[in-house]
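The values are calculated or read from the model by the stated rules, or taken from the named source; none is laboratory data. In this text, all values refer to a predicted model and were calculated from it rather than measured experimentally. Positions of Cβ are generated from backbone atoms using ideal geometry, with glycine treated the same way; all protein chains shown enter the neighbour counts. Accessible surface is based on the protein model in full, side chains and every heavy atom, while ligands, DNA and RNA are left aside. Shrake-Rupley method; radii C 1.70, N 1.55, O 1.52, S 1.80 Å.
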Amino acid sequence: MAAKIAAIILFVSMFALMIGGRIERHKITLATGGVMLVLVQGIIMKSGKAIMDVLAVKDLFLPGFWFSKAGSSGGEMGINWATIIFIAGMMIMVEGLGRAGFFKWLCRNIAKWANFNPKKILILFMVLSAALAMFIDSITVILFLATATIELAKILRFNPVPMLISEIFCANLGGAATMCGDPPNIIVGTALNYSFFDFLRNTGVIALVGMFVAVAFLYWRCGKNLDSKEIDIKELRKSMNPVEAIRNKREFCISSFIFGLSVVLLVSHEYTGLTVASIGVIIGAVSLILSRERKALIHDIDGKTLLFFIGLFVVVGGLESTHVLEFIAESVSKLGTGNDYLCIIMIMAVSAGASAIIDNIPFAAVMIPIIKHISLARGIPLDVIAWSLSIGTDIGGSATPIGASANVVGISVAGKHGRYIGWGRYCRDSVPATVLVLLSAAAVIYIRYFAI
Amino acid sequence: MNKNRILISISREFGSGGHEIGKIIGNKLGIPVYDADLLRKVCEEYGYDYDEWKNFEETPRSLFLTRAFGEFSSVPQDHIAEMEFRYIGKKIEEGKSFVIVGRCGSKMIKEHAPAVRAFVWADEDFKIKRIMKRHNVENDEAFQMMKKKDRGRRMYTERFSEGRWDDPKNYDVYINSGKLGIHATAELLLEYVELG
């Protein structure tokens, strides 16, 4: 009992400190994780095995960790090393793309293709945002897209805020479509051994339907404020040459090739047997071998984010080893008593509501053992619960300015350019869009898993 | 180092007269004073909408409604600070002299010389009397205003600078304006500037 209470206190304290924002979040999760290991697993439980289970170093030596057809891949509890390695590899690749000018080149090409018409740019940037976020983390997508949007808004003289909110929303939605699109999906996918295609066939379909709903709604809401001013388009086409965005042609070609390679490896990993950990290593290694800027690529790896994940997994692993999450699972499994569909919708709604106000990454990590328990207790297929959890956490995060990291990045980029996006302005578009997309997701879940 | 210019920051408790002291020093030296109108000037220079930002200056961050990680932040106070730092940084780079009142001015000029960083404080009675007169409010309301404003200044400053807002170690001069009065305090600070 003492272990359970201590674990809960530590977990709640971690969240409180993260909300406080005075201490960097990787320091909070690492410190909480350290205290959890020493105090809960070490002093109270006196269990060296529990500590080793949480650290999960043995997973790295399992053949199945690197090659899915070679047996168990581990990842049942504690640090999810597959997530860490995959994110690190993708970070190196994305850094290479950014340095080469890939995103700027892409945005300029699309703006040119849209003939610099703000309404067309709105639709194309929403689609681009979702498409890129399927493979690249939404933080990077929004960082580049928001900068390009503000640059275009200055030239074309329109208010970039509605477009930024639409792009953020679509990045989160696109991220929901694949296993690698959003951190909660990577965590769910690696912990429950789902493939890229498992996600694409399930959350991908839900996100695609949601995308039609979101684009239609956001275009209706935001498009009317995007009137074209009198701009000399011919002059603009000449002055805004996408090729000028390319910083280094060699690096551009290499990073584009590696991006293509990562897509191919991810799409085919169910058949090749390569796990996301292997893909992360391959992509990272190829990027470093081929690039002439390898020192800069290594230097710019966001180590703080990786440490944040490690600390978080230790905390959640610590909670798991005390069996405290089973208590929560017992209560949650009673949701929508007697009706499995209602239970699924409740999980999606609760995930969405929680993710709108707290960080969805720790939430997803905590929910994994809980949904396993619910699946066993209620006899609902685990994958259906996992998809509703992913969709809930990914889309719910879109509702508020603090729900997902991409939202904070978009608001931050806007703020750096003197555009204030407060709760009122943000939620005016995002809340109805979130509700509509969640309703469409509920409909797709019913049709796919319950009606047929 | 540009010997012809002088940078002065005045951090101050609400009601201590720091604003007036800054004005007197600025007028005597014939240099601009950046005070409550700094944000307006920043917005004018960069073409930003002042009305969108004005309510967040020198106020505490809302813990539950904002999030920040790494270099990214949804905290409006962070964006205001960044704009003001950029604006003041440019003035420093151009070799301009100025007095800056509040707004993390001490941090902005810390690495530059010649610079004087002052903190003006006063006894509670002195401050409350001034607040009552200036804002035409009763004693209790003046007290609440003082607490609220100082909390905002403390949180704003400590978010962007190291150390405590009212720690004398962070300043060159730490002065009680209630002892000598506003004008004499300004004169004393001017003398300090001239001697420096």
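Contact list please: Cβ distance under 9 Å, first residue in region B:32-44 and within 14 Å of another protein chain (Cβ to nearest Cβ), second residue in a strand (DSSP E or B) and modelled with pLDDT of 90 or more, pairs at least six apart or on different chains. The qualifying pairs are B:41/B:34. Restricting A:287, A:355 to those that are more than 30 Å from residue A:37 (Cα to Cα) and at pLDDT 85 or above reduces the list to A:287. Among the residues making up region B:157-195, a single one is open to solvent by less than 90 Å² (accessible area, probe 1.4 Å) and of a type in the set (Lys, Arg): B:159.
Looking across region A:421-438 at every residue that is in contact with a helix residue (DSSP H, G or I) (Cβ under 8 Å, 6 or more places away or on another chain) and among the aliphatic types (A, V, I, L, M), the one that is farthest from residue A:172 (Cα to Cα) is identified as A:421.
Which residue, of A:406, A:365, is of a type in the set (A, V, I, L, M), open to solvent by less than 30 Å² (accessible area, probe 1.4 Å), more than 14 Å from chain B (Cβ to nearest Cβ) and touching a residue at least 40 places away in the same chain (Cβ under 8 Å)?
A:365
Scan region A:67-107 for residues that are aromatic (Phe, Trp, Tyr), open to solvent by 10 Å² or more (accessible area, probe 1.4 Å) and over 17 Å from residue A:309 (Cα atoms) and jot them down. The answer is A:67, A:102, A:105.
Filtering region A:1-17 to residues that are under 24 Å from residue A:408 (Cα atoms) and away from chain B (no Cβ under 12 Å) leaves A:11, A:12, A:13, A:14. The C-beta contact set for region A:1-16 (first residue touching a residue at least 12 places away in the same chain (Cβ under 8 Å) and basic (Lys, Arg), second residue open to solvent by less than 30 Å² (accessible area, probe 1.4 Å) and part of a helix (DSSP H, G or I), distance under 6 angstrom, 6+ apart or interchain) comprises A:4/A:324.
Residues in region A:218-244 that are under 23 Å from residue A:126 (Cβ atoms) and open to solvent by 30 Å² or more (accessible area, probe 1.4 Å): 11 in all. Inclusion of residue B:9 among residues that are open to solvent by less than 20 Å² (accessible area, probe 1.4 Å) and within 10 Å of chain A (Cβ to nearest Cβ) is not warranted. A Cβ distance below 6 Å, combined with a sequence gap of six or more or placement on separate chains, defines the contacts here; from region A:294-307, residues that are closer than 17 Å to residue A:251 by Cα reach no residue that is surrounded by fewer than 15 Cβ atoms within 10 Å (Cβ to Cβ) and not polar (S, T, N, Q). Search region B:135-147 for residues being part of a helix (DSSP H, G or I) and without any contact (Cβ under 8 Å) to a residue 24 or more places away in the chain, and hand back the single one that is least open to solvent (accessible area, probe 1.4 Å). If we take residues in region B:135-147 being part of a helix (DSSP H, G or I) and without any contact (Cβ under 8 Å) to a residue 24 or more places away in the chain, then B:143 is least open to solvent (accessible area, probe 1.4 Å). Being away from chain B (no Cβ under 14 Å), surrounded by 13 or more Cβ atoms within 10 Å (Cβ to Cβ), touching a Ser or Thr at 6+ places or on another chain (Cβ under 8 Å) and touching a residue at least 24 places away in the same chain (Cβ under 8 Å) is a condition met by no residue of region A:18-31.
If residue A:46 passes every condition in (1) assigned to a loop (DSSP other than H, G, I, E, B); (2) under 26 Å from the mean Cα position of the chain (by Cα); (3) basic (Lys, Arg) but one, which one does it miss? In the conditions (1) assigned to a loop (DSSP other than H, G, I, E, B); (2) under 26 Å from the mean Cα position of the chain (by Cα); (3) basic (Lys, Arg), residue A:46 misses (2) alone.
Within region A:122-165, the set of residues being within 22 Å of residue A:91 (Cα to Cα), open to solvent by less than 30 Å² (accessible area, probe 1.4 Å) and not in a helix (DSSP H, G or I) comprises A:136 only. Scanning region B:56-76 for residues that are within 10 Å of chain A (Cβ to nearest Cβ) and in contact with a Lys or Arg (Cβ under 6 Å, 6 or more places away or on another chain), we see that the one that is farthest from residue A:425 (Cα to Cα) is B:69. Could you go through region A:106-126 and let me know if any residue there is aliphatic (A, V, I, L, M), within 26 Å of residue A:320 (Cα to Cα) and without any contact (Cβ under 8 Å) to a residue 60 or more places away in the chain. No, region A:106-126 has no match at all.
When residue A:400 is tested against (1) among the β-branched types (Val, Ile, Thr); (2) within 14 Å of chain B (Cβ to nearest Cβ); (3) crowded, with 24+ Cβ neighbours inside 10 Å; (4) closer than 30 Å to residue A:340 by Cα, just one condition goes unmet, and that condition is (3). The set of residues in region A:414-431 being more than 8 Å from chain B (Cβ to nearest Cβ), touching a residue at least 12 places away in the same chain (Cβ under 8 Å) and small (Gly, Ala, Ser) consists of A:414, A:430.
Scanning region A:187-198 for residues that are assigned to a helix (DSSP H, G or I) and either at pLDDT 95 or above or open to solvent by 10 Å² or more (accessible area, probe 1.4 Å) (or both) yields A:190, A:191, A:192, A:197, A:198. Annotation: of all residues in region A:245-267 being free of Cβ contacts under 8 Å to residues at least 60 places away in the same chain and farther than 20 Å from residue A:87 by Cβ, the one that is nearest to the chain's Cα centre (by Cα) is A:257. Note on region A:284-324: residues that are within 14 Å of chain B (Cβ to nearest Cβ), buried (at least 16 other Cβ atoms within 10 Å of the Cβ) and assigned to a helix (DSSP H, G or I) total 7. Looking at residue A:388, is it in contact with a Phe, Trp or Tyr (Cβ under 8 Å, 6 or more places away or on another chain) and either among the charged types (D, E, K, R) or surrounded by 24 or more Cβ atoms within 10 Å (Cβ to Cβ) (or both)? The answer is no for residue A:388. A residue that is under 26 Å from residue B:5 (Cα atoms) and not in a helix (DSSP H, G or I) can be found somewhere in region B:149-161. Does residue B:49 count as within 11 Å of another protein chain (Cβ to nearest Cβ) and free of Cβ contacts under 8 Å to residues at least 24 places away in the same chain? The answer is yes for residue B:49.
Take the residues of region B:80-115 that are open to solvent by less than 10 Å² (accessible area, probe 1.4 Å) and out of contact with any Ser or Thr (no Cβ under 7 Å at 6 or more places or on another chain): which is farthest from the other protein chains (Cβ to nearest Cβ)? That would be B:99.
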